[in-house]
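First the structure, which I've put down as structure tokens, then a few questions once you've had a look.
The values are calculated or read from the model by the stated rules, or taken from the named source; none is laboratory data. As the structure is a computational prediction, the values presented were derived from the model and not from experiment. Every residue, glycine as well, gets a Cβ built from its backbone with ideal geometry; the counts of neighbours run over all protein chains shown. With ligands, DNA and RNA removed, areas are computed over all heavy atoms of the protein, side chains included. Shrake-Rupley method; radii C 1.70, N 1.55, O 1.52, S 1.80 Å.
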Amino acid sequence: MKVVVLGLGYIGLPTAAILASKKFDVLGVDVNETVVEIVKKGKVHVAEPDLEGLVYNAVHSGYLRAKTVPEKADVYILAVPTPFKKNHEPDLRFIESAVDSIAPYLDKENIVILESTSPVGTTEQITQKLQKKRPDLKFPIYKKDNESDIYISHCPERVLPGNILPELIQNKRIIGGMTRQSAIKTSKFYQKFVTGKCLTTDARTAELCKLVENSARDVNIAFANEISIICDKLDINVWDLISLANQHPRVNILQPGPGVGGHCIAVDPWFIVNAAPDEANLIRAARLINNSKPDFVLEKIKQSVKNTGKKISKISIACLGLTFKPDVADLRESPALEIAKKISEMGFKNQYLVDPNIKIMPEYFLKKTSSLVDIDYALKTAEVILLLVHHKEFKKVNLELISNKQVIDTRGIWSNK
Ligand code: SAJ
């Protein structure tokens, strides 16, 4: 069976490599020539545990190839990004151009799968687009059990960055067909390499399901973040409070932090807000709370500077962690990075950046008084210590070494008694 995977990013590349490891004949397609050249050599441009070895073997065994244009195949998987525009409207141009690129190659009995997180109605839209481009083929009509030449479904990716490879195989999949027949055909394909259950539904339900999953997490994190701001005002240790509240058999509060990052949870809820602006009040409020958390942290820093009794230009600050979550090398939409960037403008004598997962200082800081240093140096030298990401290395810090410093622990790994 031949599979074309469009988009060789965080989802497309691992998916292509896993399919190739199961001996599917896989062509990975990306519009970015540099990415294609990297993959052709069996190398990777995204950091994810075990991905490098998998891609190397997939390419060198001949099951995975990479090109900038598609070919004829049995299955087409669209795994391209769906960002939002400035006004929070979804930007579907990558999906649209991926759809345009496969249209000439489609043939009877092909399956087209949209894995990209998409606003409700996108699967129907791409089907209509393809039907216009290929009037010689019969495409499925939404929720009508019509006989079609092509089968189209939405099967949203659900994998957790940092644990993508196991989750790609083990997670349950939601398969939303244009028709029942499309869902069944798509489900049979996933069952060839996924051990988790494949649950079939219609395309619109699958689209909203993915958006709701990430919004549920966003709302829950916003609750924790709001509680942390309330606790700060009332002088209560939020970590103790949450741990005590979670002793209740039906309470499970998530962890507050400096904000919500990554390319999914901070983006997807806006697709719901955009589709139902008058109804999605809680979802919008959660986004705004989580987005406001970096400013709250910046206020705490100003307070700490005051506490030192010195001018800001005479003191140094250490920022521990830059990535969007612990133990990954991913800086996308990272609140820690956003905060570190704003700190670099505040006029500190030195800003020490520490992140065991980041080997090269992000370009933004090059012309500032910032430097990427190791943890021991930062802790010894800085007067203000700001913990932004709970990387495993930071949990081992000897707190006695920083007992006389201004410490802001946004993740509660040190403040948690
Ligand atoms: N975070 C907190 N407090 C918490 C948990 C997370 O502040 O208690 C923050 C993290 O630090 C990070 C952000 O939230 O900045 C998101 O991290 P995450 O680990 O919750 O999620 P992602 O973005 O890595 O992956 C999510 C997952 N979705 C859900 O768990 C519902 C994943 O399964 C999805 O596939 C992925 O989004 C996606 O691609 O949509």
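In the range 316-334, which residue that is of a type in the set (G, A, S) and in a loop (DSSP other than H, G, I, E, B) is nearest to the chain's Cα centre (by Cα)?
Of the residues in the range 316-334, the ones of a type in the set (G, A, S) are 316, 318, 321, 329, 334.
Now restrict to residues that are in a loop (DSSP other than H, G, I, E, B): 321, 329, 334.
On the way: G321: 17, A329: 12, S334: 10 Å.
Once the filter is applied, the top-ranked residue is S334.
Give me the residue from the range 106-156 that is over 28 Å from the mean Cα position of the chain (by Cα) and polar (S, T, N, Q) and, out of that set, most open to solvent (accessible area, probe 1.4 Å).
Only one residue tops the list, namely Q128.
Cβ contacts < 8 Å: first residue outside any strand (DSSP E or B), restricted to the range 62-79; second residue surrounded by fewer than 18 Cβ atoms within 10 Å (Cβ to Cβ) and of a type in the set (A, V, I, L, M, F, W, C), any location; separation 6+ or different chain. Result?
Pairs that qualify, where the first residue is outside any strand (DSSP E or B) and the partner is surrounded by fewer than 18 Cβ atoms within 10 Å (Cβ to Cβ) and of a type in the set (A, V, I, L, M, F, W, C), are T68/V31; D74/M1.
Give me the pairs, please: first residue somewhere in the range 292-314 and of a type in the set (K, R), second residue anywhere and surrounded by 12 or more Cβ atoms within 10 Å (Cβ to Cβ), beta-carbon distance under 7 Å, and either six or more positions apart or on two chains.
From residues that are of a type in the set (K, R), the pairs are K293/N225; K293/P258; K293/G259; K293/P335; K300/I408; K314/K349.
Something else: What do you reckon, is K368 modelled with pLDDT under 95, more than 17 Å from H391 (Cα to Cα), surrounded by fewer than 18 Cβ atoms within 10 Å (Cβ to Cβ) and not hydroxyl-bearing (S, T, Y)?
Details: modelled with pLDDT under 95: yes; more than 17 Å from H391 (Cα to Cα): yes; surrounded by fewer than 18 Cβ atoms within 10 Å (Cβ to Cβ): yes; not hydroxyl-bearing (S, T, Y): yes.
Judged against the criteria, K368 is a match.
Which residue pairs have Cβ atoms closer than 8 Å, lie 6 or more positions apart in sequence or on different chains, and pair a first residue in the range 2-25 that is among the aromatic types (F, W, Y) with a second residue that is within 16 Å of the ligand (Cβ to nearest atom)?
Y10/V46; Y10/E48; Y10/P161; Y10/I164; Y10/H263
Out of Q247, Q255, report the one residue that is in contact (Cβ under 8 Å) with a residue 60 or more places away in the chain and open to solvent by 60 Å² or more (accessible area, probe 1.4 Å).
Of the residues listed, the single one that is in contact (Cβ under 8 Å) with a residue 60 or more places away in the chain and open to solvent by 60 Å² or more (accessible area, probe 1.4 Å) is Q255.
Which of the residues spanning the range 201-231 are open to solvent by 10 Å² or more (accessible area, probe 1.4 Å) and free of Cβ contacts under 8 Å to residues at least 24 places away in the same chain?
A216, I230
Can you tell me which residue among I169, I175 is open to solvent by less than 60 Å² (accessible area, probe 1.4 Å) and more than 30 Å from K143 (Cβ to Cβ)?
When all the criteria are applied, what remains is I169.
Also, quick follow-up: Would you check which residues across the range 5-55 are away from the ligand (no atom under 16 Å from the Cβ), assigned to a helix (DSSP H, G or I) and open to solvent by less than 10 Å² (accessible area, probe 1.4 Å) and list them?
Selection gives A16, A17, L19, A20, V36, V39, V55.
Now, a different point. Taking the condition of being in contact with a strand residue (DSSP E or B) (Cβ under 7 Å, 6 or more places away or on another chain) and either near the ligand (Cβ under 8 Å from one of its atoms) or not in a loop (DSSP other than H, G, I, E, B) (or both), how many residues in the range 253-278 meet it?
So the answer is 3.
What are the residues in the range 80-97 that are open to solvent by 40 Å² or more (accessible area, probe 1.4 Å), charged (D, E, K, R) and either in a loop (DSSP other than H, G, I, E, B) or not assigned by TED's automatic domain parsing to the domain that holds D25 (or both), if any?
Of everything in the range 80-97, those that are open to solvent by 40 Å² or more (accessible area, probe 1.4 Å), charged (D, E, K, R) and either in a loop (DSSP other than H, G, I, E, B) or not assigned by TED's automatic domain parsing to the domain that holds D25 (or both) turn out to be K85, K86, E89.
Mind checking which residues of the range 56-74 are surrounded by 16 or more Cβ atoms within 10 Å (Cβ to Cβ) and either more than 25 Å from the chain's Cα centre (by Cα) or among the polar types (S, T, N, Q) (or both)?
Of everything in the range 56-74, those that are surrounded by 16 or more Cβ atoms within 10 Å (Cβ to Cβ) and either more than 25 Å from the chain's Cα centre (by Cα) or among the polar types (S, T, N, Q) (or both) turn out to be V59, Y63, R65, P70, A73.
Here's a follow-up. So which of R204, R250 ends up being modelled with pLDDT of 95 or more and not in a loop (DSSP other than H, G, I, E, B)?
R204 is the lone residue from the list that is modelled with pLDDT of 95 or more and not in a loop (DSSP other than H, G, I, E, B).
Further question on the same structure: Is there a residue in the range 183-190 that is open to solvent by 70 Å² or more (accessible area, probe 1.4 Å) and in contact (Cβ under 8 Å) with a residue 40 or more places away in the chain?
yes
Filter the range 98-118 down to the residues that are hydroxyl-bearing (S, T, Y), within 27 Å of V267 (Cα to Cα) and part of a helix (DSSP H, G or I) and list them by number.
S101
Please enumerate the residues belonging to the range 152-194 that are hydrophobic (A, V, I, L, M, F, W, C) and either within 12 Å of the ligand (Cβ to nearest atom) or at pLDDT below 95 (or both).
Scanning the range 152-194 gives V159, L160, I164, L168, I174.
Return the residues of the range 279-299 that are more than 16 Å from the ligand (Cβ to nearest atom) and either more than 17 Å from L211 (Cα to Cα) or of a type in the set (V, I, T) (or both); say none if nothing qualifies.
Listed by number, the residues that qualify are L298, E299.
One residue is enough: does the range 216-231 have a residue meeting the conditions within 14 Å of the ligand (Cβ to nearest atom), among the acidic types (D, E) and under 23 Å from V328 (Cβ atoms)?
Among the residues of the range 216-231, at least one is within 14 Å of the ligand (Cβ to nearest atom), among the acidic types (D, E) and under 23 Å from V328 (Cβ atoms), which makes the answer yes.
Also: Looking at the range 335-410, what strands (runs of 3 or more DSSP E) fall wholly within it and have at least 2 residues that are closer than 23 Å to G162 by Cβ and away from the ligand (no atom under 16 Å from the Cβ)?
350-354
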